[in-house]
1. Taking the range 92-106, which residues are more than 17 Å from Asn76 (Cα to Cα) and open to solvent by 70 Å² or more (accessible area, probe 1.4 Å)?
2. Being at pLDDT 95 or above and part of a strand (DSSP E or B) narrows it down to one residue among Val48, Val63; which is it?
3. Filter the range 67-76 down to the residues that are modelled with pLDDT of 95 or more and either closer than 13 Å to Gly9 by Cα or open to solvent by less than 60 Å² (accessible area, probe 1.4 Å) (or both) and list them by number.
4. Please pick out the residue among Ser115, Ser62 that is more than 15 Å from Gly8 (Cβ to Cβ) and in contact with a helix residue (DSSP H, G or I) (Cβ under 6 Å, 6 or more places away or on another chain).
5. Tally up the residues in the range 1-20 that are over 21 Å from Gln102 (Cα atoms) and in a strand (DSSP E or B), please.
6. Condition first: open to solvent by 20 Å² or more (accessible area, probe 1.4 Å), assigned to a loop (DSSP other than H, G, I, E, B), of a type in the set (A, V, I, L, M, F, W, C) and free of Cβ contacts under 8 Å to residues at least 24 places away in the same chain. Can you find one or more residues in the range 37-45 that meet it?
Amino acid sequence: QVQLVESGGGLVQAGGSLRLSCAASGSIFGINAMAWYRQVPGKQRELVAAMTNADNTNYADSVLGRFTISRDSAKNMLYLQMNSLKPEDTAVYYCVMYLNLQTYWGQGTQVTVSS
């Protein structure tokens, strides 16, 4: 069983920063990749950033240059540093793990950016 718990969301003014954290626990051997997704009510979830087990990264065009995905494998943690936040970044952010052909999701953390 794999558990992912996000934290670090909240309310911030436009131009501000937040760092999201994702704590992974359980049988997490053989991780292929981890990612952050976000979802706005009424819209599909969208990929924000991803990192493979070889530390290759991929970002949505809308966050490129502002967000940084990173991990601490020793602590089983995934992070998303979000800078220069915009109101359109407001969403629920989800941590995702791709492990042995299965996909696991966290419960999400709300990020609200005020203008």
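The values are calculated or read from the model by the stated rules, or taken from the named source; none is laboratory data. Remember, predicted model here, so these are calculated numbers, not experimental data. We place every Cβ from the backbone using ideal geometry, glycine too, and count neighbours over all the protein chains shown. Quick note on the areas: whole protein, heavy atoms, side chains included, nothing else; ligands and nucleic acids left out. Shrake-Rupley method; radii C 1.70, N 1.55, O 1.52, S 1.80 Å.
1. Going residue by residue through the range 92-106, those that are more than 17 Å from Asn76 (Cα to Cα) are 92-93, 101-102.
Those that are more than 17 Å from Asn76 (Cα to Cα) and open to solvent by 70 Å² or more (accessible area, probe 1.4 Å): Leu101, Gln102.
2. Working: Val63 fails: part of a strand (DSSP E or B).
Just one listed residue meets the conditions, Val48.
3. Listed by number, the residues that qualify are Phe67, Ile69, Ser70.
4. Values: Ser62 fails: in contact with a helix residue (DSSP H, G or I) (Cβ under 6 Å, 6 or more places away or on another chain).
The unique qualifying residue is Ser115.
5. Counting residues in the range 1-20 that are over 21 Å from Gln102 (Cα atoms) and in a strand (DSSP E or B) gives 8.
6. no
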